[in-house]
Amino acid sequence: MARRGVDVLLLDRYAFPRDKVCGDFVGPIAMRELDGLGVGALPDYRRSTAVTHASLFLDGRKLITGPFPRVAGLPPYGRVVPRLELDAWLVDGARSSGARFLAPANVGAWSAARNRVRITLSDSTEFRARLLIGADGSNSLVARQLRGGVPPPRDRLLAMRAYFRGVLGPRRRAEIYFSGESFPGYYWLFPVRGSEANIGIGMVQDAFPPAAHLRVLLERLIDRDPALRRRLGGAVRTSKIVGATLTTYNPSLPLTGRGVMLVGDAAGLINPLNGEGIQNALLSGRWAADAAMTALEPGGGSESLLAYADRVERALRFDMEIARWLVRLISNRALNDVWLEFLRIITTRARSDPRYAEITGGVLAGTLPVGTVTSGPVLAGTLEQALAAAGIKEPSQVLEPEFAGRLARRTARVAAVALRQTGGDPRPLLRWAGSAVLDFAQLAERVRPRA
């Protein structure tokens, strides 16, 4: 916007450079957006670690390793860039384009009247603008005022991370770890530079039964997970373990108001399936800038801001809704044995089916839409592998009494374990089941992919 002659003022609560809790992974689509902003040409950016492969582990055992999926028009790799550096480059780019930057500047309130938005800082300094774009993160004050409160726990993820030096193993391979303790969530190792790595954990806030405190859990997993221990060896932690609360997508909440747009984490555009937010933050920022330019033209107005909200919905809603439902489904930790068995089924299929691996890997990496998992090859491949895991070689076997008996016994064992997890009280399980069915019905009714 500044490049196109608009008077832009950036306000940030903290002086730069400043750190931010993040896994630091920049996926291929985010890399493309950064290229458009000029960040991709920076020498320091080009020296950042390029991640070409990823491995998945479950309870310390490797499930699969593979290269990043190839998607036309995108690089076949990602990068790991600490937010301390990436965010500073973005601010420097905005300033060099003509934007003004004020920090630290703690916004205390805003209000819209007629064709102006008034922004008041905590020290009572006031600014007036024609448009306000809220890019102030998951705990956004702009969003809280626009939406009338804080996000509900169901729309929240929790994350913690720390940096380590002296990490062993491949420097171009990211590692994702799952365990019964950490699910529904995962912990990660992303190589930063040299022997440094970002190690962290993310989990659904509203899971039940509740998991251990996330900091305690991360420390325990670092100490006990054999696959992670092999990478850490004698590595030394070089930072504090710091955490953040992340807001995911809720289609019932507005993205725009009079003179106001929300982007990125403030809009809840974090992918609930993998916790990645940089990609959608960059995309929505560009879309909001386009809408703002139209709104600032003579005769422009609120319709332009609504066009931004519509663009977000068209591009992201279908995927976000599916991801949201899947995460809510697996939030029942009493059924972790079932969910982790499905993970084994998926990775087993991916090892023998390149097309299946390409699709599921692309969804995990953010290069393919989440809705792709509902495609025929994925659904058929998952069903076939699940039947094979159950000892079914021919589809007709599912009609035999022996299979029905085995299924009944397995269901009874799962139900007994789930009841023990909830202290023998079936009500949480019934509430979860009812909510899952209702959410799915609403998903089927509301969400339709649009061209």
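The values are calculated or read from the model by the stated rules, or taken from the named source; none is laboratory data. What you see is a predicted model, and the numbers here were worked out from it, not measured in a lab. As a convention, Cβ positions derive from the backbone with ideal geometry for all residues, glycine included, and neighbour counts pool all protein chains shown.
Details
- When residues in the range 212-235 are screened for being among the charged types (D, E, K, R), more than 17 Å from Arg171 (Cβ to Cβ) and touching a residue at least 24 places away in the same chain (Cβ under 8 Å), 3 of them pass.
- Within the range 180-197, considering residues that are at pLDDT 95 or above and not aliphatic (A, V, I, L, M), the one surrounded by the fewest Cβ atoms within 10 Å (Cβ to Cβ): Ser195
- Tyr308 within 20 Å of the chain's Cα centre (by Cα), aromatic (Phe, Trp, Tyr) and surrounded by 19 or more Cβ atoms within 10 Å (Cβ to Cβ): no
- Within the range 333-354, the residues that satisfy the criterion of being among the hydrophobic types (A, V, I, L, M, F, W, C) and either closer than 26 Å to Pro428 by Cβ or out of contact with any Phe, Trp or Tyr (no Cβ under 7 Å at 6 or more places or on another chain) (or both) are Ala334, Leu335, Val338, Trp339, Leu340, Phe342, Leu343, Ile345, Ile346.
- Applying the condition of being part of a strand (DSSP E or B) and either touching a Gly at 6+ places or on another chain (Cβ under 9 Å) or not assigned by TED's automatic domain parsing to the domain that holds Asp12 (or both) to the range 120-131 and asking which residue is nearest to Gly259 (Cα to Cα) yields Ala129.
- Qualifying residue in the range 52-59 (condition: more than 26 Å from Arg3 (Cα to Cα), assigned by TED's automatic domain parsing to the domain that holds Tyr14, part of a loop (DSSP other than H, G, I, E, B) and not hydroxyl-bearing (Ser, Thr, Tyr)): yes
- Some residue of the range 415-425 being at pLDDT 85 or above, polar (S, T, N, Q) and surrounded by 16 or more Cβ atoms within 10 Å (Cβ to Cβ): no
- Qualifying residue in the range 346-355 (condition: of a type in the set (Asp, Glu), under 24 Å from Arg144 (Cα atoms) and either surrounded by fewer than 22 Cβ atoms within 10 Å (Cβ to Cβ) or out of contact with any helix residue (DSSP H, G or I) (no Cβ under 6 Å at 6 or more places or on another chain) (or both)): no
- The condition of being at pLDDT 85 or above, hydroxyl-bearing (Ser, Thr, Tyr), under 30 Å from Thr65 (Cβ atoms) and not in a helix (DSSP H, G or I) holds for Thr367.
- Of all residues in the range 17-43, those being out of contact with any Phe, Trp or Tyr (no Cβ under 8 Å at 6 or more places or on another chain) and touching a residue at least 12 places away in the same chain (Cβ under 8 Å) number 16.
- Listed by first and then second residue, the pairs linking a residue in the range 165-183 that is farther than 17 Å from Pro226 by Cα to a residue that is aromatic (Phe, Trp, Tyr) and modelled with pLDDT of 95 or more, with Cβ atoms under 9 Å apart and 6 or more places separating them unless they lie on different chains, are Arg172/Tyr77.
- Tallying residues that are of a type in the set (D, E, K, R) and surrounded by 20 or more Cβ atoms within 10 Å (Cβ to Cβ) within the range 287-305 yields 0.
- Checking Ala159, Ala105 one by one, the residue that is closer than 21 Å to Gly23 by Cα and of a type in the set (A, V, I, L, M) is Ala159 and no other.
- Residues in the range 303-349 that are small (Gly, Ala, Ser), part of a helix (DSSP H, G or I) and closer than 30 Å to Ala281 by Cα: Ser304, Ala307, Ala309, Ala315, Ala323.
- Options Val71, Val81, Val51, Val91; residue that is in contact with a Ser or Thr (Cβ under 8 Å, 6 or more places away or on another chain), at pLDDT 95 or above and of a type in the set (A, V, I, L, M, F, W, C): Val81
- Scanning the range 278-306 for residues that are among the β-branched types (Val, Ile, Thr) and touching a Ser or Thr at 6+ places or on another chain (Cβ under 6 Å) yields a single hit, Thr294.
- Filter result (surrounded by fewer than 15 Cβ atoms within 10 Å (Cβ to Cβ) and not charged (D, E, K, R)) within the range 1-15: Gly5, Leu9, Tyr14, Ala15
- Residue match in the range 107-121 (condition: surrounded by 15 or more Cβ atoms within 10 Å (Cβ to Cβ), under 27 Å from the mean Cα position of the chain (by Cα) and of a type in the set (A, V, I, L, M)): yes
- Residue in the range 204-238 that is surrounded by the fewest Cβ atoms within 10 Å (Cβ to Cβ), counting only those that are more than 30 Å from Ala433 (Cα to Cα) and of a type in the set (Gly, Ala, Ser): Gly234
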